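The values are calculated or read from the model by the stated rules, or taken from the named source; none is laboratory data. Values in this document were obtained by computation on a predicted structure and should not be read as measured data. Neighbour counts are summed over all protein chains in view; Cβ atoms, including those assigned to glycine, are modelled from backbone coordinates with ideal geometry. Heavy atoms of the whole protein, side chains included, go into the accessibility calculation; ligands, DNA and RNA do not. Shrake-Rupley method; radii C 1.70, N 1.55, O 1.52, S 1.80 Å.
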Amino acid sequence: MAENEPLDESDSESRPADAGFEHRPIGDGPQFDLTVEPPEFWGTPREKPLCMIALGGNAIKPPDADGTFAEQMAALERTAAQIVGVMKAGYKVVLTHGNGPQVGSLLLQQEQANPPAQPLEACGAMSQGQIGYMLAQQMYRQLEQRWKHVPVACLLTQTVIDPDDPALEEPTKPVGPFVDEERATAMDDQGMTVKKVRETGDRDYRRVVASPEPKGIVEEVPVKRLIDQRDLVICGGGGGVPVARDRGEIDGYEAVVDKDRLTQTIGHTLDADYLLVLTDEDGVYLDYGTDDERRIGEITATELRKHLDAGEFPEGSMGPKVEAACQFVESGSRRERRAVIASLDNAVTALEEGNGTVVTEA
């Protein structure tokens, strides 16, 4: 079959029900049976190290900003400049991003408007398109201003989850804007789950939703083929749209997958060399928020996991980032993998000089 020739299944919706087409389930795993195999990533030589970069939602919308288009584009201009710095330093980049503030705002707009409200997974897909557009625009601009023209590929991503994941019954993932206690009470009365997520005395509450574990992505092969040919791919936005399979059909779920955990999952699939998690903090801290707080420099995944298991890092903030870093380093590869958690402004020095928390295998 020629590479550009459509698969036999692609026109199944246009066939009459009695055309003799046999429905074949695609199975439980995230891979499709495609005629073109993806490039081999495991253990193959590379001209450039492959770096997975996870951007927090606040790299797109600062916590106390109103979230206007202009504000988000301004934030992404700064973000894109840092990513260009990483690419200029000699790294091939797969970029993921959060969407907590954006998808939460979309949900509020949906619930307050007259047209029929769209479900959470649809809002997640909308935010992928919105943020992907803004991020691609700023990456093009900053690449051409600071370095050279580089093609940017942005791919809508569906994340495979386990429909029996217990996390679907226990909301933990904050989405949407920070609100005060009065607004939080009103949201609770509307059937939303709202929790206090910080202690500032001003708008300390956010809506929380279910956050299941990612098992893979539906678009695994396209991502592999794109990054094999390019230096920059944007995917997994907001943790991807959570989906699961039943009798071979894909269905969306009312949940938000943590983007750091998904970034680790994609990074393992691509056998990436580095996982760089960019946050508001300049690293991971022990006893955070106390007089005894101290930043962790270089640490093994084994030692960092001990702190994680002891409850040192909250589930709604640093916990998923630390878990993703440990999993990435522990998951096994012939490459010397490293995970780095650092601030956006320190992206390049975090990779090159260890200016952040660096997680190693041993």
Taking Cα pairs closer than 8 Å and at least 6 residues apart, the relative contact order of the range 226-317 in percent is 15 percent
Note on the chain, DSSP bridge orientation, antiparallel percent to nearest 5 equals 40 percent
One finds, for residue 189 and residue 295 with R0 = 45 angstrom and r their Cβ-Cβ distance, a FRET efficiency to the nearest 0.05 of 0.65
Distance in nm between residue 148 and residue 40 label points, each 7 Å along Cα→Cβ, equals 2.8 nm
Scoring the chain by relative contact order with C-alpha pairs under 8 Å, at least six apart, yields a percentage of 20 percent
Between residue 48 and residue 213, Cβ-based FRET efficiency (R0 30 Å, step 0.05) works out to 0.50
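Within 10 Å, Cβ to Cβ, of residue 288, how many net charges do the neighbouring residues add up to if Lys/Arg are +1 and Asp/Glu are -1? It would help to have the intermediate numbers written out before the result.
Numbers: positive: 294, 295; negative: 281, 287, 292, 293, 312.
Neighbourhood net charge equals -3.
Output the pairs from 173/215; 88/321; 61/306; 92/259; 61/88; 61/224 with a Cα-Cα distance over 23 Å in this structure; if there are none, say none.
Numbers: 173/215 18 Å; 88/321 25 Å; 61/306 33 Å; 92/259 19 Å; 61/88 25 Å; 61/224 29 Å.
Beyond 23 Å: 88/321; 61/306; 61/88; 61/224.
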In the range 95-220 the accessible area split gives carbon plus sulfur, as whole percent at 1.4 Å, a share of 46 percent
If R0 = 25 Å, then residue 251 and residue 109, at their Cβ-Cβ distance, give a FRET efficiency to the nearest 0.05 of 0.55
In the range 245-362 the accessible area split gives carbon plus sulfur, as whole percent at 1.4 Å, a share of 40 percent
Relative contact order as a percentage, the range 254-362, C-alpha pairs under 8 Å and 6+ apart, gives 38 percent
Expected unfolding gain across residue 310-residue 162 under the 0.36 nm per residue rule, minus the alpha-carbon gap, is 50.6 nm
Calculating percent of Cα pairs over 41 Å apart from this structure picks out, from (1) 16; (2) 22; (3) 11, entry (3)
For the range 172-258, the Cα gyration tensor yields equivalent-ellipsoid semi-axes (√(5λ), largest first, whole Å) of 34, 18, 8
Over the chain, with neighbouring protein chains present, the accessible area per residue in Å² at probe 1.4 Å is 48 Å²
Here the residues of the range 165-186 lying in the modelled label zone of residue 117, meaning backbone nitrogen under 19 Å from a point 7 Å along Cα-to-Cβ, are 169-180, 182-186
re the range 241-351: pairs of Cα atoms spaced beyond 25 Å account for a percent value of 27 percent
Per the Kirkwood formula over distinct C-alpha pairs, the hydrodynamic radius of the range 28-181 in angstrom is 18.0 Å
